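Quick notes on the structure that follows.
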Amino acid sequence: MLKDLFIGLSQNQFLNSAAKKYGLKLGAQSVVAGTNIEETIRSIKELNAQGISCTVDNLGEFVYKREEATEAKEQILEVIEAIHENKADAHISLKPTQLGLDIDYNFCLENLREIVGRASKYDMFINIDMEDYSHLQPSFDLLDELSKEYSNVGTVIQAYFYRAEEDIKKYKDYRLRIVKGAYKEPEEYAYQDKKDIDTNFVKLIEWHLLNGKFTSIATHDHHVINHVKEFVKANNIPNDKFEFQMLYGFRKDMQLQLAKEGYNFTTYVPFGKDWYGYFMRRLAERPQNLNLVAKQVFTK
Ligand code: FDA
């Protein structure tokens, strides 16, 4: 299946490192905001001008060297400063494996502590993105540890995991982003059937909207978005209790429309040289995105 092929390609470490040497290729430029902070701040300001807030992801994964994790931390600190200096409406999304989770848990925790501490000075939120199952519990452990000191941190609940319901209940007092889940996971831990994932996704969103702190509904699925609009209306849930989120470059008209309708809207803005794995996962989710690749190849 194409999905499995692209997920496999996204995890190919040789291709991941080879791609870093080149700029954005294969159409990745339509879904990645830039390779440096200046370009990214420009993109964020353009979105802000249209009433859209941003969460910024300095792309990177498969980090097994301390120097690389430290470099990623420094870049994220620079992004935090740039957001603050430019008075941009944005916060940070980050991946623990980029900050050394596969090297040493405590090393990763220290990196995160520095980032969350710096962001807290500016009252800026840090979202810990969720990766594959093998990193799920350690990522929650990082969140537990960080929230002993800071309140500007939250995470993601992936609806394809059987344990998601238990997790959402445990973390109800956090700002949570709820997603379907992007990685290939075995039947042992995760629903495989799209219908089961979608059903659990809606169930978790409704639960957190009713019982939780702030809910970020992250999806391009208009069926789910329309359902949420009806649900919040029927349950008198005010707009300041939730937002919609989509990825940069996807369904741009719908992003604008939702912002115009008065909903809080945040675009997930990825940037950086490490674009390959992210781009392959987007192709896995929606093979129609191959149109992006085809256009680039044939318009060269
Ligand atoms: P899905 O791909 O299931 O599509 C459902 C339907 O929506 C389609 O059949 C089609 O009708 C419509 N549709 C979808 N995309 C469309 C498009 N581009 N144009 C037109 N119609 C379209 N995952 C993870 O594991 N960890 C994480 O931390 C995150 N973080 C994250 C942040 C944000 C902001 C988003 C949007 C997503 C994530 N994800 C994630 C990814 C997430 O888990 C999931 O893999 C993708 O969002 C794809 O699922 P969707 O809910 O978007 O719809």
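The values are calculated or read from the model by the stated rules, or taken from the named source; none is laboratory data. These numbers come from a predicted model, not from an experiment. When we count neighbours, we look across all protein chains shown, and the Cβ atoms used for this are built from the backbone with ideal geometry, even at glycine.
Let's see how each residue does on (1) under 18 Å from residue 33 (Cβ atoms); (2) in contact with a Phe, Trp or Tyr (Cβ under 9 Å, 6 or more places away or on another chain); (3) within 16 Å of the ligand (Cβ to nearest atom); (4) basic (Lys, Arg):
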| position | (1), (2), (3), (4) |
| --- | --- |
| 72 | yes, no, no, no |
| 76 | yes, no, yes, no |
| 80 | yes, yes, no, no |
| 83 | yes, yes, no, no |
| 91 | yes, yes, yes, no |
| 98 | yes, yes, yes, no |
| 105 | no, no, no, no |
| 108 | no, no, no, no |
| 112 | no, no, yes, no |
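If we keep just the residues of segment 186-213 that are assigned to a loop (DSSP other than H, G, I, E, B) and touching a strand residue (DSSP E or B) at 6+ places or on another chain (Cβ under 7 Å), which is nearest to the ligand (Cβ to nearest atom)? So that I can check it myself, show each step before the final result.
Initially, segment 186-213 is screened for residues assigned to a loop (DSSP other than H, G, I, E, B), giving 186-189, 191-193, 212-213.
Adding the requirement that they be touching a strand residue (DSSP E or B) at 6+ places or on another chain (Cβ under 7 Å) leaves 189, 212.
Values: 189: 13, 212: 17 Å.
Filtering first and then ranking leaves 189.
State the number of residues belonging to segment 204-218 that are surrounded by fewer than 20 Cβ atoms within 10 Å (Cβ to Cβ) and farther than 29 Å from residue 3 by Cβ.
5
From 81, 67, which residue is surrounded by fewer than 22 Cβ atoms within 10 Å (Cβ to Cβ) and either modelled with pLDDT under 95 or more than 30 Å from residue 8 (Cβ to Cβ) (or both)? Lay out the reasoning, then the answer.
On the way: 67 fails: either modelled with pLDDT under 95 or more than 30 Å from residue 8 (Cβ to Cβ) (or both).
Within the list 81, 67, the selection yields 81.
Go through segment 189-222 and report how many residues are under 21 Å from residue 243 (Cα atoms), out of contact with any Lys or Arg (no Cβ under 9 Å at 6 or more places or on another chain) and not charged (D, E, K, R).
So the answer is 5.
Report the residue count in segment 174-203 for those that are over 20 Å from residue 239 (Cβ atoms) and buried (at least 16 other Cβ atoms within 10 Å of the Cβ). Lay out the reasoning, then the answer.
Of all residues in segment 174-203, those over 20 Å from residue 239 (Cβ atoms) come to 179-201, 203.
Retained after the next criterion (residues that are buried (at least 16 other Cβ atoms within 10 Å of the Cβ)): 179-185, 190-191, 197-198, 200-201.
Qualifying residue count, segment 174-203: 13.
Among the residues of segment 172-185, is there at least one that is part of a loop (DSSP other than H, G, I, E, B), touching a His at 6+ places or on another chain (Cβ under 9 Å) and of a type in the set (D, E, K, R)? Talk me through it step by step, then tell me what you get.
Of segment 172-185, the ones part of a loop (DSSP other than H, G, I, E, B) are 172-175, 180-185.
Retained after the next criterion (residues that are touching a His at 6+ places or on another chain (Cβ under 9 Å)): 172.
From what is left, the residues that are of a type in the set (D, E, K, R) are 172.
Within segment 172-185, one or more residues are part of a loop (DSSP other than H, G, I, E, B), touching a His at 6+ places or on another chain (Cβ under 9 Å) and of a type in the set (D, E, K, R).
Restricting to segment 53-100, count the residues that are closer than 16 Å to residue 131 by Cα, touching a His at 6+ places or on another chain (Cβ under 7 Å) and in a strand (DSSP E or B).
0
Filter segment 245-264 for residues that are within 14 Å of residue 56 (Cα to Cα) and more than 8 Å from the ligand (Cβ to nearest atom); which is modelled with the lowest pLDDT?
Step one: list which residues in segment 245-264 are within 14 Å of residue 56 (Cα to Cα), which gives 245-249.
Next, from what is left, pick out any that are more than 8 Å from the ligand (Cβ to nearest atom): 248-249.
Values: 248: 93, 249: 89.
Per the criteria, the residue is 249.
May I ask you to list the residues in segment 17-43 that are modelled with pLDDT of 75 or more and of a type in the set (Gly, Ala, Ser)? Step through it out loud before you land on a result.
Of the residues in segment 17-43, the ones modelled with pLDDT of 75 or more are 30-43.
Passing the criteria: 30, 33, 34, 43.
Looking only at segment 218-243, how many residues end up being more than 9 Å from the ligand (Cβ to nearest atom), within 29 Å of residue 31 (Cα to Cα) and not in a helix (DSSP H, G or I)?
2
Every residue in segment 123-154 that is of a type in the set (Phe, Trp, Tyr) and either part of a helix (DSSP H, G or I) or within 12 Å of residue 77 (Cα to Cα) (or both), please. Talk me through it step by step, then tell me what you get.
First, the residues of segment 123-154 that are of a type in the set (Phe, Trp, Tyr): 125, 133, 140, 150.
Within segment 123-154, 133, 140 meet the criteria.
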